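Okay, so here's the structure we're looking at.
Each value in this text was obtained by applying a stated rule to the coordinates, not by laboratory testing. All values reported here derive from a predicted model rather than from experimental measurement. Methodologically, a virtual Cβ is constructed for each residue, glycine included, from the backbone with ideal geometry; neighbour enumeration extends over all protein chains shown.
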There are 2 protein chains.
Amino acid sequence: MAKITLKSKATLVEKVRVEVEARNHKVTIDEPIRLGGTDLGMNPLELLLSSLGACQTIMAQSYAEKMGVKYQHLQVELEGDLDTDGYQGKPGAQVGLEEIRYTIYIESDEPQEKLESFIKHIETYCPAFDTLVNPTKVVQKEIIVKQPAK
Amino acid sequence: MAKITLKSKATLVEKVRVEVEARNHKVTIDEPIRLGGTDLGMNPLELLLSSLGACQTIMAQSYAEKMGVKYQHLQVELEGDLDTDGYQGKPGAQVGLEEIRYTIYIESDEPQEKLESFIKHIETYCPAFDTLVNPTKVVQKEIIVKQPAK
């Protein structure tokens, strides 16, 4: 067992603009103008879908050689359904994404069957995929309150 | 019921570097050099944690006024445990994140109890949080294979 701990930090900048940081990397997250943002970045759920797509793509790259699969181009398109009544607190509405769908575009000479079995393998061993399809424990450690300077 | 569909696209650029896109926004995802990447961006799981942190922060901003909560500064720190044996296909290892933990840093004059109830509310209505703690259906629509140009 080789356990690692990944870390990230989200800091409110202004309005609904947030800077997220992991190690030496920063990304700006925002909401479109019609939702009160300044549209300087993806919104959090677009980022969630992007995380899944990036994970699938990277897993494909990691397994391609081992599985003898060659391709010239690889792209994953993702979509996720959200009932906007949910986060607004309306009773009976699902808060989280209801379904995520993805399409893989692959430029390759390999037979369809081999590609399908390759993609199946990626699905099975993709950490973001597994985190989403299974319930994940999310624990609040602490709320640390600081008094503002007077 | 007000359903919307969010979209994203992940394109392999080189090695394990991926460009993710949603609407007019692009982010570079990569792996550290020791994992075969060029470290030009967060990795997918750091992005997943960032998505949750950004969602919690934006939900806080959206609900603060309605709930009469004032603060000067807001930050969420997140960490997630991964057994790296999982994505390498070793039997018995969990593939996805085993646990996500978060700490909220808030600079505010509000009483601790009010802040705790505010954060509880955010947890309940945060779409990324809800997507992670519950099992989410992830469906493969299609694998579209294109023959490479000869």
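Just a few scattered comments:
- Given charges at beta-carbon only (K, R positive; D, E negative), |dipole| of segment B:1-41 in Debye: 280
- Dipole magnitude for segment B:33-150: about 780 debye, using +1 per Lys or Arg Cβ and -1 per Asp or Glu Cβ, origin at the Cα centre.
- Shielding by partners - mean other protein chain Cβ count within 10 Å, residues of B:63-70: 1
- When the P(r) is computed for chain B, the part past 21 Å accounts for 61% of the Cα-Cα pairs.
- Take the Cβ atoms of B:Asp39 and A:Lys146, set R0 to 41 Å, and the FRET efficiency comes out at 0.80.
- Whole-number percent relative contact order across chain A, with pairs defined as alpha carbons under 8 Å at least 6 apart: 16
- Note, ³J(HN,Hα) from phi for segment A:64-78, Karplus 6.51, -1.76, 1.60, rounded to Hz, x at Gly and Pro: 4, 5, 3, 9, x, 10, 10, 8, 9, 8, 9, 9, 10, 9, 10
- Put in line by how crowded their Cβ is, counting other Cβ atoms within 10 Å and starting with the fewest, A:Leu48, B:Leu52 read B:Leu52, A:Leu48.
- Summarising the amide proton neighbourhood of B:Leu40: residues at separation of 5 or more, or on other chains, whose placed amide H is nearer than 5 Å comprise B:Glu31.
- Each other residue within a Cβ distance under 14 Å of A:Ala22 adds +1 if Lys or Arg and -1 if Asp or Glu, for a net charge of -4.
- Order by protection proxy (mean Cβ within 10 Å, highest first), peptides A:112-122, A:78-88: A:78-88, A:112-122
- Sequence-distant residues sharing a close amide H with A:Val69 (under 5 Å, placed H): none
- Karplus-based coupling profile of segment A:125-137, in residue order and whole Hz: 10, 8, x, 5, 4, 5, 5, 7, 6, 9, x, 10, 6, with θ = phi - 60° in 6.51 cos²θ - 1.76 cosθ + 1.60 and x standing for Gly or Pro.
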